[in-house]
Amino acid sequence: MIDWTRVASLKAETGDEDFEEIVLLFIEEVSEITDRLRETINLCSLEEDLHCLKGSAMNLGFAEFSDLCSVGESMSAKGKGTAVDMAEILASFDRSKQAFLAGLQTGIAA
């Protein structure tokens with residue numbers, strides 16, 4: 001679900017203070033998009049939304065969420081946006097966020 005090696009690498013590259021800022025910014029930006037997608041899915045911007053989510057998730061080690069966004073992005077690019085399982089993608093973000101924050105608290109990414 002979480003690529004802790006990627007998280008540890010990012011933390012080492014940025015330092016503790018910048019890493020915390022990156023995490024806060026990531027959660028804020030991704031939550032903004034996912035909250036919007038929970039309310040309504042705009043098929044015209046779905047591919048772009050999933051691309052943004054995929055890249056952000058990949059950078060912070062949200063492997064499962066990034067993979068699901070990638071599949072959805074590809075489907076949307078092929079005109080199959082209505083077949084994208086947004087419930088699964090959004091549930092993955094919720095699970096991943098919970099696991100990530102719990103892991104940070106227990107020091108997994110130290």
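If only one of Glu32, Glu73, Glu39 is acidic (Asp, Glu), buried (at least 18 other Cβ atoms within 10 Å of the Cβ) and at pLDDT 95 or above, which one is it?
Working: Glu32 fails: buried (at least 18 other Cβ atoms within 10 Å of the Cβ); Glu39 fails: buried (at least 18 other Cβ atoms within 10 Å of the Cβ).
Going through Glu32, Glu73, Glu39 in turn, just one is acidic (Asp, Glu), buried (at least 18 other Cβ atoms within 10 Å of the Cβ) and at pLDDT 95 or above: Glu73.
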Evaluate the following for Val30: is it β-branched (Val, Ile, Thr) and under 9 Å from the mean Cα position of the chain (by Cα)?
yes
Within the stretch 82-99, is even one residue surrounded by 12 or more Cβ atoms within 10 Å (Cβ to Cβ), at positive phi and either in a helix (DSSP H, G or I) or modelled with pLDDT of 95 or more (or both)?
no
Sort out which residues of the stretch 100-110 are under 14 Å from the mean Cα position of the chain (by Cα), touching a residue at least 12 places away in the same chain (Cβ under 8 Å) and surrounded by fewer than 17 Cβ atoms within 10 Å (Cβ to Cβ), and write them in order of number.
none
Would you mind telling me which numbered condition in (1) farther than 19 Å from Asp3 by Cα; (2) at pLDDT below 95 Ser45 fails?
(2)
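Quick one: count up the residues across the stretch 1-21 that are free of Cβ contacts under 8 Å to residues at least 60 places away in the same chain, surrounded by fewer than 16 Cβ atoms within 10 Å (Cβ to Cβ) and in a helix (DSSP H, G or I).
Looking only at that region, the number is 10.
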What about Leu50, is it on the phi < 0 side of the Ramachandran plot, touching a Ser or Thr at 6+ places or on another chain (Cβ under 8 Å), without any contact (Cβ under 8 Å) to a residue 40 or more places away in the chain and not in a helix (DSSP H, G or I)?
no
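The values are calculated or read from the model by the stated rules, or taken from the named source; none is laboratory data. Quick caveat, the model's predicted, so the values are computed rather than measured. Because the Cβ atoms are built from the backbone with ideal geometry, glycine has one as well, and the counts that use them run over all protein chains shown.
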